[in-house]
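S.K.: To start, I am sharing the structure in question, which I have written as structure tokens.
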Amino acid sequence: MRIRSLLALTMGASLAMILVSLGSLWYSTDRIWKANKDLSLANDIGDTVLERIMLRDEYYIHREERPKSQWLAKTATLAGQLTRARLDFQGAKDQEILVEMSEVGANINSLFAKLIENTRGMDSDPIARSLAAEYDQTLFSQLNIRASILRDDAARLVELRFGELSFLMSASNWLFGACLAVVVAVVLVNGFLIGRILNAGIGRLKEGTTVIGGGELSYRLATDSGDEISEVALGINRMTESLAGLLTSKANLEESVALRTAELRTSNEELESFAYSVAHDLRAPLRSIDGYSRLLEEELGPALSAEGARILAIIRGGAVKMDDLIGSLLEISRLGRTDLCLSAVDMRSTASDAFALVAGPEVASDFDFRVGNLPDAYVDAPMIERVWANLLSNALKYSVPSPRHSIEVGGRAEDGVSVYYVRDRGVGFDPRYADKLFGMFNRLHGEVEFPGNGVGLAMVKKIVARHGGKVWAEGRLGEGSTFYFSIPRRS
Amino acid sequence: MYEQKQVDILLVEDNPNDAELAIRALRKNRLANNVLHLGDGAEALDYLFARGAYEGRDVSDRPRLILLDLKLPKVDGLEVLKEVKADERTRLTPVVVLTTSKEERDLIESYRLGVNSYIVKPVDFDKFVDAVKELGLYWLLLNEQP
């Protein structure tokens, strides 16, 4: 049984009982009021009967006109009262008594009339007076007997009416009590049932959630009780199912992450061994090309023509350049693999030192080199030295043909990152190709014009990216260029 | 029976071209008088400890310098280095490792095993000649052996 139905039943039953109580209250009040009225009428009848007896006695003693007329008036009153009683009193016994009272009353009336008549005869001759006196006594005793009957009847009537009234009152009390008892019983029984359902249900929920909370996600709560508790249990079951699903997918995810990590590690190891064998196996033939070219040069000696010497020089140059490229490739791959060793680095002095190193004293004195106040950075010191060295040697290299030998290094703190830049007044670059600057082996100038293998800026980008930063550049042909890099600041 | 002869430099190098270039570089520096070239690590160990083909050789007659390539067939350079530095008779012989790159992992291991020096074999032959010159001067002419 559902808790809501039980609650509704309790409410309904209580309400119905209250309505029944109210109805019966109204009904019994009405009945009691009427019974009260009847009782009062019965009492009045009794009073009238008694008063008439007293008036009769008075008349009998004094033979006066007043008691007589009063008696007659009371007789009329009694007749009226009896008529009303005949209409109002419904009981068979009442009616029987009333009939008797009417009959006895009529009897009394005729006897009293006879008494009056007889009184008039008492004034004549003594024989007649004695006869009348005797008759008078007979009449009086007859009247007395009748009157006592009437008085008894009235008393019985009062008794009956009183009985009715007490019966009604006690019946009404009982009815009330019964209604109250029913309401209390319904409330108690339903309260007990609801309590039992809740108690058992919450016990089940508690047990189940404890088991599920303990990690047993295959556990399911019983949902067959058909009440609201089983709806809650159903909800918890669905929740547990989703949780189990989530956990499964999390486990799958973790598994695939572990798998990917292993794959990544394998591919990293392969890359490393690839780099190793590149270093070893590609360089050996290069050494032969260069070395034997040199030997050939020596063997031929003076017999080597100028053209022959030029060709040999190109061959040797190619071998050395290829070696340089292999070296740069290996270095970039190494930059991606070695762990960062972070520390707080004074960027201002690092940039100044790097400039002194790449420029050398002679070139440095020829340049207007200015360093602003650079925010410190939390970086890998040797790597960041490479960044400064590469950017500054680039700035130097592309400033050479320009009349303005000026290099400016600056920096500022923005939200979350420190941005640094190297600005030169050199040959600059076409902004359309700005995105090609940082690509590996990408060059915007011919190698004859500016020597280099196109790896320096790629290396800068790689190092900055490993620190979580970005690189970008601004420039115009013939007006110089500015290279920026950002490093996230440590909170 | 192995015919004893004076060996100043033992060159252990499997690549014949690299070996020839190394010998040329030594010759250019007038260091190539008594150079023995062996092509693998096993043979080098046989020579040094007078085993196999070199049985009967006087082990105490040590080369003055060993030039050792790390990548060798059969027994690799590190293994040769380990045995040389572990044996009382050869422990003091200077060993110079020839490497392809100074970033090689093996270099750290070589130092741990007690290598005396190393040469990165440059592609540029002239630079190689210079490097050999410096090393030869140091280990053969200046460095007094105990």
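S.K.: Filter the range B:29-54 for residues that are under 18 Å from B:Asp87 (Cβ atoms) and not acidic (Asp, Glu) and give the result.
M.R.: B:Leu38, B:Gly41, B:Ala42, B:Ala44, B:Leu45, B:Tyr47, B:Leu48, B:Phe49, B:Ala50, B:Arg51, B:Gly52, B:Tyr54 - these are the residues of the range B:29-54 that are under 18 Å from B:Asp87 (Cβ atoms) and not acidic (Asp, Glu).
S.K.: Mind checking which residues of the range A:355-367 are closer than 12 Å to A:Ser399 by Cα and either open to solvent by 70 Å² or more (accessible area, probe 1.4 Å) or under 60 Å from the mean Cα position of the chain (by Cα) (or both)?
M.R.: A:Asp366
S.K.: Using the structure shown, decide if A:Val278 is β-branched (Val, Ile, Thr) and over 27 Å from A:Phe441 (Cα atoms).
M.R.: No: the conditions fail for A:Val278.
S.K.: Moving to a separate point now. Considering only the range A:308-315, I want to know if a residue exists there that is within 12 Å of chain B (Cβ to nearest Cβ) and open to solvent by less than 40 Å² (accessible area, probe 1.4 Å).
M.R.: Within the range A:308-315, one or more residues are within 12 Å of chain B (Cβ to nearest Cβ) and open to solvent by less than 40 Å² (accessible area, probe 1.4 Å).
S.K.: Go through the range A:49-95 and report how many residues are closer than 23 Å to A:Leu165 by Cβ and in contact (Cβ under 8 Å) with a residue 60 or more places away in the chain.
M.R.: Count: 7.
S.K.: Checking A:Ile61 against (1) β-branched (Val, Ile, Thr); (2) surrounded by 13 or more Cβ atoms within 10 Å (Cβ to Cβ); (3) farther than 26 Å from A:Lys37 by Cβ, which test does it fail?
M.R.: With respect to (1) β-branched (Val, Ile, Thr); (2) surrounded by 13 or more Cβ atoms within 10 Å (Cβ to Cβ); (3) farther than 26 Å from A:Lys37 by Cβ, A:Ile61 is out only on (2).
S.K.: How many residues does the range A:209-226 contain that are in contact with a helix residue (DSSP H, G or I) (Cβ under 7 Å, 6 or more places away or on another chain) and charged (D, E, K, R)?
M.R.: 2
A quick yes/no check of all residues on (1) open to solvent by 20 Å² or more (accessible area, probe 1.4 Å); (2) under 60 Å from the mean Cα position of the chain (by Cα); (3) within 25 Å of A:Gly468 (Cβ to Cβ):
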residue	(1), (2), (3)
A:Ala306	yes, no, no
A:Thr338	yes, yes, yes
A:Val345	no, yes, yes
A:Asn373	yes, yes, yes
A:Asp376	yes, yes, yes
A:Glu408	yes, no, no
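S.K.: Separate question: Which residues, taken from the range A:270-298, are open to solvent by less than 30 Å² (accessible area, probe 1.4 Å) and within 26 Å of A:Arg337 (Cβ to Cβ)? Step through it out loud before you land on a result.
M.R.: Here is the first cut: in the range A:270-298, the ones open to solvent by less than 30 Å² (accessible area, probe 1.4 Å) are A:275, A:278-280, A:283-284, A:286-288, A:290-291, A:293, A:295.
Result: A:Ala275, A:Val278, A:Ala279, A:His280, A:Arg283, A:Ala284, A:Leu286, A:Arg287.
S.K.: In the set A:Pro285, A:Pro361, which member is outside the structural domain of A:His467 (by TED's automatic domain parsing) and without any contact (Cβ under 8 Å) to a residue 24 or more places away in the chain?
M.R.: Just one listed residue meets the conditions, A:Pro285.
S.K.: Hey, another quick one. Quick check on A:Arg432: is it under 13 Å from A:Gly480 (Cβ atoms) and either polar (S, T, N, Q) or out of contact with any Phe, Trp or Tyr (no Cβ under 9 Å at 6 or more places or on another chain) (or both)?
M.R.: no
S.K.: For the range A:410-438, what are the residues that are open to solvent by 30 Å² or more (accessible area, probe 1.4 Å) and either small (Gly, Ala, Ser) or within 16 Å of A:Gly454 (Cα to Cα) (or both)?
M.R.: A:Ala413, A:Gly416, A:Tyr433, A:Asp435, A:Lys436
S.K.: Okay, next question. Go through B:Arg27, B:Arg112, B:Arg62 for me and flag whichever is charged (D, E, K, R), surrounded by fewer than 17 Cβ atoms within 10 Å (Cβ to Cβ) and farther than 30 Å from A:Glu299 by Cβ. Break it down into steps so the answer makes sense when it comes.
M.R.: Working: B:Arg27 fails: farther than 30 Å from A:Glu299 by Cβ; B:Arg62 fails: surrounded by fewer than 17 Cβ atoms within 10 Å (Cβ to Cβ).
From the options B:Arg27, B:Arg112, B:Arg62, the qualifying one is B:Arg112.
S.K.: Only one of (1) modelled with pLDDT of 90 or more; (2) not in a helix (DSSP H, G or I) fails for A:Thr83. Which number is that?
M.R.: Condition (2) is where A:Thr83 drops out.
S.K.: A further question on this structure: Can you tell me how many residues in the range A:145-186 are over 24 Å from A:Arg86 (Cβ atoms) and open to solvent by 70 Å² or more (accessible area, probe 1.4 Å)?
M.R.: Matching residues across the range A:145-186 total 7.
S.K.: Right, next: So in the range A:316-330, with the set limited to residues that are among the charged types (D, E, K, R) and crowded, with 17+ Cβ neighbours inside 10 Å, which one is farthest from the chain's Cα centre (by Cα)?
M.R.: Here the residue is A:Arg316.
S.K.: Read through the list (1) open to solvent by 70 Å² or more (accessible area, probe 1.4 Å); (2) in contact (Cβ under 8 Å) with a residue 60 or more places away in the chain, then give the number of the only condition that A:Ile32 fails.
M.R.: Among (1) open to solvent by 70 Å² or more (accessible area, probe 1.4 Å); (2) in contact (Cβ under 8 Å) with a residue 60 or more places away in the chain, A:Ile32 violates only (1).
S.K.: Is it the case, given these coordinates, that A:Arg490 is surrounded by fewer than 20 Cβ atoms within 10 Å (Cβ to Cβ) and in contact with a strand residue (DSSP E or B) (Cβ under 7 Å, 6 or more places away or on another chain)?
M.R.: Yes: the conditions hold for A:Arg490.
Let's see how each residue does on (1) at pLDDT 85 or above; (2) away from every other protein chain (no Cβ under 12 Å); (3) under 21 Å from B:Leu107 (Cα atoms):
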| position | (1), (2), (3) |
| --- | --- |
| A:Val278 | no, no, yes |
| A:Ser288 | yes, no, no |
| A:Tyr292 | yes, no, no |
| A:Leu295 | yes, no, no |
| A:Leu300 | yes, yes, no |
| A:Gly318 | yes, no, no |
| A:Met322 | yes, no, no |
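S.K.: Just the residues that are within 25 Å of A:Ala364 (Cβ to Cβ) and not in a strand (DSSP E or B), please, taken from the range A:415-436.
M.R.: Residues satisfying the conditions are A:Arg425, A:Gly426, A:Val427, A:Gly428, A:Phe429.
S.K.: Quick test of your reading of the structure: A:Leu335 fulfils all but one of (1) away from chain B (no Cβ under 14 Å); (2) at pLDDT below 90; (3) in a helix (DSSP H, G or I). Name the failing condition by number.
M.R.: Looking at each condition in turn, A:Leu335 falls short on (1).
S.K.: To continue, here is another question. Quick check on the range A:57-74. Is at least one of its residues over 30 Å from A:Asn190 (Cβ atoms), assigned by TED's automatic domain parsing to the domain that holds A:Val183 and not in a helix (DSSP H, G or I)?
M.R.: Taking every residue of the range A:57-74 in turn, at least one turns out to be over 30 Å from A:Asn190 (Cβ atoms), assigned by TED's automatic domain parsing to the domain that holds A:Val183 and not in a helix (DSSP H, G or I).
S.K.: Ok, one more. Does A:Ser230 count as crowded, with 16+ Cβ neighbours inside 10 Å, within 30 Å of A:Arg196 (Cβ to Cβ) and under 54 Å from the mean Cα position of the chain (by Cα)? First the steps, then the outcome.
M.R.: Values: crowded, with 16+ Cβ neighbours inside 10 Å: yes; within 30 Å of A:Arg196 (Cβ to Cβ): yes; under 54 Å from the mean Cα position of the chain (by Cα): yes.
Considered against the rule, which asks whether it is crowded, with 16+ Cβ neighbours inside 10 Å, within 30 Å of A:Arg196 (Cβ to Cβ) and under 54 Å from the mean Cα position of the chain (by Cα), A:Ser230 comes out as yes.
The values are calculated or read from the model by the stated rules, or taken from the named source; none is laboratory data. Quick caveat, the model's predicted, so the values are computed rather than measured. In this analysis, Cβ positions are derived from the backbone assuming ideal geometry, glycine residues included, and neighbour counts consider all displayed protein chains. What goes into the accessible areas is simple: the full protein's heavy atoms, side chains included, and nothing from ligands, DNA or RNA. Shrake-Rupley method; radii C 1.70, N 1.55, O 1.52, S 1.80 Å.
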